[in-house]
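Q: Would you mind keeping the following structure in view while I ask a few things?
Read-outs throughout are calculated quantities, based only on the coordinates presented, and are distinct from any laboratory measurement. Keep in mind that this is a model prediction, so the values were computed, not measured. Cβ atoms come from the backbone with ideal geometry, glycine included; neighbour counts cover every protein chain shown.
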Amino acid sequence: MRSLAQAAWLTGFYVFHPLGRHRPISTIIRLCAWQAWRRLGGHVEVHLDHARVRCPSWSRMAGAWVSVGLHEPSEMMFALRYLRAGDLFVDVGANIGVYSCLALQREAHVICFEPTPAAREVLLENLRLNGTSFEVRSVALADTVGPARFRCDMESSNHLLLGPDACDVRSILVEVRRLDDELAGQRASLIKVDAEGFDLDVLRGGRRVLERDRPPLLLEVWSGARGLRELLVPMAYDFYRYDFSVDVFEPMPDAFAGHGYLIALPHERTSEIVARVRAAAWLPPPEVTARWLRA
């Protein structure tokens, strides 16, 4: 019963998704086809226009890319419209690399941080399908340095483990480093952080980068991003949601208490960044096609 409820919720989510609601039948067919194919051990290669993302059968997120294309359409369209050739896109928590594959199609240089071996293997394959200007680093990022346990059995929700329960779940030993040290000689154009609740730790370890480069940030946030706001507001960052369909940046109210992605823009660069995105507003969401692959 629980599995049926989850399947129904997931189907409804993608049917009413901004990129799925205009083609509900096609969305349902693609999603169901992937769920059946993966249970047979099959893989899929999703084409988002020219970007190619190969997804193994264990990828739950592949259902989103197969059915609607951009699972986080406004944030992904912000990245596509903001990035230019030669920019440096930093992907913290890259998983199998959909954001980075899109960035390579914009001719940006990409640095990915992904500690999980299974995801990193697929990530490397995907990056090679899309370009040559990339680096993959097998470390986790935080505001400390040294070894730590990293959960590795939750696919897109893997994360650092701290405290006495760190060995009570399936985990691996990883090296933890600071973003400041990792980007000491490189200037970031755009940073995306999806660290499953450790986003604040990542940015605390990247204060010098934020102060030096003043990049826009794509941040997955929890419970209203209170900790992130306490860190970034004194650094003159403002929080927005981007509506790609009308090319509008909406300031996030202080009372926001939800979960999802926010865009943080340095106050003194906001006008410049908005103008840069709007200059590429002609760029539409990529069309999605799927190529079914046997294991």
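Q: Take the chain, mark every one of the GluC sites (Glu not before Pro) that falls in a DSSP loop and has at most 14 other Cβ within 10 Å, then report the longest stretch left between them, sites excluded.
A: On the way: sites that count: Glu107, Glu287.
Between the exposed loop sites, the longest stretch runs 108-286.
Q: Using a cut-off of 9 Å between beta-carbons, work out the net charge of the residues near Leu293 (Lys and Arg +1, Asp and Glu -1, Leu293 not included). List each step's numbers first, then the result.
A: Working: positive: Arg54, Arg291, Arg294; negative: Glu45.
Neighbourhood net charge equals +2.
Q: Next question, about the same structure. Taking the number of other C-beta atoms within 10 Å as the exposure measure, put Val274, Val246, Val53 in order starting with the fewest. Can you show the working numbers first?
A: On the way: Val274 17, Val246 8, Val53 26.
The order, fewest Cβ neighbours first, is Val246, Val274, Val53.
Q: To continue, here is another question. Can you give the calculated 222 nm mean residue ellipticity of the chain, where each DSSP H run of n ≥ 4 adds -39,500 (n - 2.57) and the sum is split over every residue, rounded to the nearest 500 deg cm²/dmol? Walk me through the numbers on the way to the answer.
A: On the way: 11 runs with 102 residues, N = 295.
Theoretical 222 nm ellipticity from helices: -10000 deg cm²/dmol.
Q: If you don't mind, another one. I'd like the FRET efficiency for Val246 and Ser57, computed as 1/(1 + (r/R0)^6) with the beta carbon distance as r and R0 of 45 Å, rounded to 0.05.
A: On the way: r = 37 Å, r/R0 = 0.83.
My answer for the efficiency is 0.75.
Q: Multiplying the sequence separation of Gln186 and Glu125 by 0.36 nm and subtracting their Cα-Cα distance, what value in nm do you get? Please list the in-between numbers first.
A: On the way: separation 61, 0.36 × 61 = 21.96 nm, distance 2.42 nm.
19.5 nm is the gain from fully extending Gln186 to Glu125.
Q: Say each of Ala257 and Trp282 gets a label point 7 Å from the Cα, pointing the same way as Cα to Cβ; how far apart are those two points in nm?
A: Placing both labels 7 Å beyond Cα along the Cβ direction yields 4.5 nm.
Q: Spelling out what I want: for every residue of segment 98-115, take phi, set θ = phi - 60°, compute 6.51 cos²θ - 1.76 cosθ + 1.60 (Karplus), and round to whole Hz; glycine and proline get x.
A: With the stated coefficients, segment 98-115 comes to 5, 4, 5, 5, 5, 5, 5, 5, 8, 6, 7, 8, 10, 10, 10, 10, 8, x Hz.
Q: Moving on to the next point. Which shape class applies to the chain: rounded if a/c is under 1.5, otherwise prolate when a/b exceeds b/c and oblate if not, where a ≥ b ≥ c are the square roots of the Cα gyration tensor eigenvalues?
A: rounded
Q: How high is the relative contact order of segment 167-285, in percent, counting Cα pairs under 8 Å that sit 6 or more residues apart? Walk me through the numbers on the way to the answer.
A: Details: 141 pairs, mean separation 27.7, N = 119.
Relative CO of segment 167-285 lands at 23 percent.
Q: Further, regarding this structure: Taking θ as phi - 60°, what are the ³J(HN,Hα) couplings along segment 51-64 by the Karplus curve (6.51, -1.76, 1.60), each to the nearest whole Hz, with x for Gly and Pro?
A: Coupling constants for segment 51-64: 6, 10, 10, 8, 10, x, 5, 7, 7, 5, 5, 4, x, 5 Hz.
Q: When a footprinting reagent is the concern and you count Cβ atoms within 10 Å, what order do Leu218, Leu210, Leu88 take, fewest first? List each step's numbers first, then the result.
A: Values: Leu218 26, Leu210 23, Leu88 20.
The order, fewest Cβ neighbours first, is Leu88, Leu210, Leu218.
Q: For the pair Ala118 and Asp238, how long in nm is the line joining their label points, each one 7 Å along Cα→Cβ?
A: Here the modelled spin labels are 4.3 nm apart.
Q: Taking +1 at the Cβ of each Lys and Arg and -1 at the Cβ of each Asp and Glu, which of Gly131, Ala108, Leu231 sits farthest along the dipole of the chain towards its positive end, judged by Cα position relative to the Cα centre?
A: The listed residue farthest towards the positive side: Gly131.
Q: Remind me, relative contact order of the chain in percent, using alpha carbon pairs under 8 angstrom and six or more residues apart?
A: Details: 565 pairs, mean separation 57.0, N = 295.
Once normalised by length, the contact order is 19 percent.
Q: Now a separate question. Which FRET efficiency value, to the nearest 0.05, is calculated for Cys32 and Ser223 with the Förster distance at 45 angstrom and r the Cβ-Cβ distance?
A: Details: r = 33 Å, r/R0 = 0.74.
My answer for the efficiency is 0.85.
Q: Can you tell me, using C-alpha contacts under 8 Å and at least 6 residues apart, the relative contact order of segment 57-149 as a whole percent? Present the calculation step by step, with values, prior to reporting the outcome.
A: Working: 121 pairs, mean separation 21.3, N = 93.
Result for segment 57-149 is 23 percent.
Q: Can you tell which of Gln35, Gln186, Gln105 shows the greatest fluctuation in a Gaussian network model of the chain with Cα springs below 10 Å?
A: Result: Gln186 has the largest fluctuation of those listed.
Q: What percent antiparallel are the DSSP beta bridges of segment 1-132, to the nearest 5?
A: Details: 5 of 10 bridges.
Percentage antiparallel, nearest 5: 50.
Q: Continuing with this model, one more query. Could you tell me which residue out of Ala140, Phe13, Trp222 lies farthest along the dipole of the chain toward its positive end? Charges go on the beta carbon: Lys and Arg +1, Asp and Glu -1, centred on the Cα centre.
A: Value: Phe13.
Q: Between Arg39 and Ala85, what FRET efficiency comes out of the Förster formula 1/(1 + (r/R0)^6) with R0 = 41 Å and r the beta carbon distance, rounded to 0.05?
A: Working: r = 41 Å, r/R0 = 1.00.
It comes to 0.50.
Q: With only Lys, Arg, Asp and Glu charged, each at its Cβ (+1 for the first two, -1 for the last two), find how big the charge dipole of segment 1-151 is about the Cα centre; round to the nearest 20 debye. Mind showing how you got there, number by number?
A: On the way: 17 positive and 12 negative charges, 118 e Å.
Its charge dipole is roughly 560 debye.
Q: For the chain, with only Lys/Arg (+1) and Asp/Glu (-1) charged at the beta-carbon, what is the dipole magnitude about the Cα centre, in debye rounded to 20? Present the calculation step by step, with values, prior to reporting the outcome.
A: Values: 35 positive and 36 negative charges, 164 e Å.
For the chain, the charge dipole is close to 780 debye.
Q: What distance in nm separates the two pseudo spin-label positions at Ile25 and Glu211, each 7 Å out from Cα along the beta-carbon direction?
A: Reported label-point gap for Ile25 and Glu211 is 5.9 nm.
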